[in-house]
Every structure is written in C-alpha cells, then in structure tokens.
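Before any comments, here is the structure.
Only the coordinates and a few stated rules stand behind these numbers; no lab work does. What you see is a predicted model, and the numbers here were worked out from it, not measured in a lab. Don't worry about glycine lacking a Cβ; one is built from the backbone with ideal geometry, like all the others, and counts go over all protein chains shown.
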Amino acid sequence: MIKQVINLFRGTKNLRKSDVAQLPQKHENFKGQQENEMVICFCRKHYILLLPQLMVFLASSIAVGFSFWAFSQPETVELIGTALIRPIAMVVIILYTWHLHFCILRVFNYYLRILIITDTRVVEIDRTLYFRNNLQSTDLHEIKDINVYQRGFFMTIFDFGTVTLLGGSDFAMKVLKFIPNPDYYFRKIHEAKRTYLATRGRQKGNVSLPNDKITKVEVVNASEISL
C-alpha cells in the first residue's frame, strides 16, 4: 500500500501543474485496466477539499503552541503547579499527535481518490489508506446525457464543479463532485464517447451515431454553495 502511494506521488508531477496528465496505455497504478484499454486522462478531486482540514490543522497548531508558551510562564507554574503541568502537557502532546496523524491520512486519501477517463469507460476509484477500496465503472455507450454544473462564487473562482452522467431507464445517475477544470473533462468524456460510438458503428458496418444529448449547465448567480 505504501509503495502504491509513493508511486502515485511520483506519477503526478505534471498533474500538479495542470491537473491533467496523460498515462501510458498500460499503467501500473490502474489495477483494473482492461487489455487494450487506453487511458485518456485522469484527475483527482479539487484541492479545495483539503482547505477545511488545513485550517483546522493551523488552528490546532497555534493552540498547542500557545498552550506550551502559557505553561512556561512562572505565573502558570505557580498557579497550577509542576505536578499538574507535566500530565496536562503529555495529554496535549498525545491529542496533537493523533490529530496530526489524522491530517496526514486525509492527504493520502485525497491522492488515492481518482477519476479516470479511458477510450471505453469512465472509472471512479474511491480508496482510503486502510478501510475502503471501491471502483465504479460506467461504459461510454451507456451515457446519454452529460451535464456540468458550476454554482456560486467558489466554484467559478476556483474552477471546479459537478459532472453528472445520465443514461437510460436502468442506468443510475452518476454524480462526480469537486471535479477540477470541469469544462476539460466535459469535453474529454464527450470526445471519448463520440469516438467510441463511431468505432463501434464501423465495426458493425453502421457509421451513424445515436442522437445523444450533450449539455452544459452553468449557474453563476447562486447565493451559496456547501463545501
């Protein structure tokens, strides 16, 4: 598991600059990749998901630093006593260490959750370091509608949104939240779908494509957004 995480960090240097990276036809970190399946692009959730955790971490660090500064003051030592300051400091250190471990886990889990677009399907990998390893796949021929939603100030300024994939009556709507640069992945899914259907049509001797609906929805005047 640790080796896979290290490989993910090494394999995403370009992604940190552009949020997009091209993968070779057979990638070692994509365990569910099928034979002759080519990865077009992939992305992770928008980095704004880490912002609340970062703010809590900074606040807790400031609180711990202030606590140790207060414990070092002669007035505090005289008021509480040396016998109580040591166990209190030990409890603070243990709680802060647990919180730091939790923050690091959140960062690792962020890098393990990946959306992959291939030439035949859309794959969402939802993993954590210890407790979860889910893989959901949606074939391109099942997708009828593609919608992109960007609501409010934060989505517009930080350029992230929600991509929904709609299919037939037996197809459950797939909602992909906090997608960075959603216009790019909207186009990539659209292009991959058209190419895939054209290839299938040529293989069956029929080059006509179904009249699918590809839409983009932008709502930039919404008053609020829940993160």
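Which whole-angstrom value gives the distance between the alpha carbon centres of the stretch 71-102 and the stretch 113-180?
46 Å
Which residues does the label zone of Phe158 cover in the stretch 101-124, counting backbone N under 20 Å from a point 7 Å along Cα→Cβ?
Under cut-off, by backbone N: 103-115.
Take the Cβ-Cβ distance between Gln203 and Leu100 as r, set R0 to 45 Å, and report the resulting FRET efficiency rounded to the nearest 0.05.
On the way: r = 55 Å, r/R0 = 1.21.
For R0 = 45 Å, the calculated efficiency reads 0.25.
Using the Cα atoms of the stretch 52-108 to build a convex hull, what is its mean projected area in square nanometres?
3.8 nm²
Would you please state which residues of the stretch 105-124 a label at Asp139 would reach in this model, taking the label point 7 Å out along Cα→Cβ and a backbone N cut-off of under 16 Å?
Those under the cut-off are 118-123.
Go ahead and run the numbers for FRET between Val56 and Thr195, Cβ-Cβ distance against an R0 of 41 Å, rounding to 0.05.
Approximately 0.40, to the nearest 0.05.
Can you pull out the chymotrypsin sites (Phe, Trp or Tyr not before Pro) in the stretch 51-155 whose DSSP state is coil and whose Cβ has at most 10 other Cβ atoms within 10 Å?
In loop regions of the stretch 51-155 (DSSP not H, G, I, E or B), the sparsely surrounded chymotrypsin sites (Phe, Trp or Tyr not before Pro) are Tyr130, Phe131.
Along each of the three principal axes of the Cα atoms of the stretch 67-179, give the extent in whole Å, ordering the values from largest to smallest.
That works out to 73, 34, 23 Å along the principal axes.
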